[in-house]
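What follows is a short report on a single structure.
Just so you know, all these numbers are worked out from the coordinates, no wet-lab data involved. On a predicted model such as this, the values are computed, not experimentally measured, just so you know. All Cβ positions, glycine included, derive from the backbone under ideal geometry; neighbour counts span all protein chains shown.
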Amino acid sequence: MRLQYGRYQGRTAETLLLRAPDYAVWVMRHQPEGRLAQYFRDLITAFDARPINQPCQACGAAATRAAALPDRSDLYFFCDDCALYPNAAPEGAAQNLRTLADFVSHVERTARRRPVARLRAFVRRMAQAKGLPRRITEPAAEAFFAGEIM
Ligand SMILES: [Zn+2]
């Protein structure tokens, strides 16, 4: 879907969700009944449904979730049985990042500096872990949401 007006006129919703997820969040909050918000929600459902294409870094099984340290944008991938901090995670760390909404709430709870950049980095890294090529072109973004690239 190509945007017909506004700040991102001419861009596709698919590339925007991957490159500027903060904009998708804004649209869903401010124009929740709009066609674009509904489209973003459908894309997010597809995003969340894609499996993580990475091994658990502790045991090598298929990873199912990501962990992040406080104020850092790196992601660490684990299965449900392993964790970055098996006992108690430090304040601001997240161990159970599975969905795009998880990243939004993690950033809103913890990012004191540059929350937009951090959300963008997280979504990009999660998308790459789910098979998105490093270069986010329009065809790559479309194929990613259509489930055509694994
Ligand atoms: Zn594991």
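Of note:
- Once backbone amide H atoms are built at 1.01 Å from N, residue 82 has no partners under 5 Å, excluding neighbours fewer than 5 places away on the same chain.
- Length released on extending from residue 61 to residue 41, taking residue separation times 0.36 nm less the Cα-Cα span: 4.2 nm
- With N counted as the residues of the chain, its alpha-carbon radius of gyration over 2.2 N^0.38 Å works out to 1.05.
- Karplus 3J(HN,Hα) series, Hz, for region 23-30 with 6.51 cos²θ - 1.76 cosθ + 1.60 (x for Gly, Pro): 5, 4, 4, 4, 4, 5, 7, 9
- In this structure, the amide hydrogen of residue 62, modeled 1.01 Å from its nitrogen in the peptide plane, lies closer than 5 angstrom to those of 56, counting only residues at least 5 positions away or on a different chain.
- Modelled spin labels at residue 138 and residue 112, positioned 7 Å past Cα toward Cβ, are 4.2 nm from each other.
- Restricting the calculation to Cα atoms, region 52-130 shows an Rg/Rh of 0.95 when the hydrodynamic-style radius is the Kirkwood one.
- Rel. contact order, % - alpha carbon contacts under 8 angstrom, at least six apart, region 87-150: 20
- Potential extension, residue 99-residue 1 segment - 0.36 nm per residue separation minus Cα distance: 33.1 nm
- Percent RCO, i.e. relative contact order, over the chain, from Cα pairs under 8 Å lying at least 6 residues apart: 24
- For region 70-80, putting each phi into the Karplus relation 6.51 cos²θ - 1.76 cosθ + 1.60 with θ = phi - 60° gives couplings of x, 6, 10, 9, 6, 10, 10, 9, 9, 8, 5 Hz, in residue order, rounded to whole numbers and with x for Gly and Pro.
- Using a cutoff of 8 angstrom between alpha carbon atoms and counting only pairs six or more residues apart, the relative contact order for region 52-130 works out to 30 percent.
- The shape of region 37-86 can be summarised by an equivalent ellipsoid whose semi-axes, obtained from the alpha carbon gyration tensor, come to 24, 15, 8 Å from longest to shortest.
- Nearest 10 degrees, 0 to 90: helix 115-129 Cα axis against the chain principal axis: 80
- Local electrostatic count, residue 21, Cβ distance below 10 Å [Lys/Arg +1, Asp/Glu -1]: +2
- Per residue, the chain reaches -13500 deg cm²/dmol at 222 nm when only DSSP H runs of four or more residues are counted, each adding -39500 (n - 2.57).
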